[in-house]
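Right, one structure below, let's go through it.
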Amino acid sequence: MELKSLSAVQNYTSAKPATSPIDGEGGAGATLKGIAGDFAATLAKSEQTAQETMMGNADPHALVQALAQTELAVETAVNVRNKVVEAYQEILRMPV
């Protein structure tokens, strides 16, 4: 048996089953909390990079990269919000 196929079998056996919760302890709430924390960290890092660039302590390319990451994070958050609102409106349209 090849070493490559053995590691694939080990990865398969250690994977979570499809029926298990997202993360055993907190479920979706903990996952959303983690996502919100990552979003806030991205914004804080971008703000710090912008301040360092204004003071002349950071590379302008780092600022451009930080702004691009922030833009992507905000666009993702807006898209998620739109999907949640759309789902809520669909639920409200359901007959009771």
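Where a number appears in this text, it was derived from the coordinates with a stated rule and is not lab data. The structure displayed is predicted, hence computed values, not measured ones. As a convention, Cβ positions derive from the backbone with ideal geometry for all residues, glycine included, and neighbour counts pool all protein chains shown.
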If every Lys and Arg gets +1 and every Asp and Glu gets -1 at its Cβ, then about the Cα centre the stretch 22-96 yields a dipole, in debye to the nearest 20, of 260 debye
Extend 7 Å from the Cα of residue 39 along its Cα-to-C-beta direction; within the stretch 68-96, residues with backbone N under 15 Å of that point are 70-86
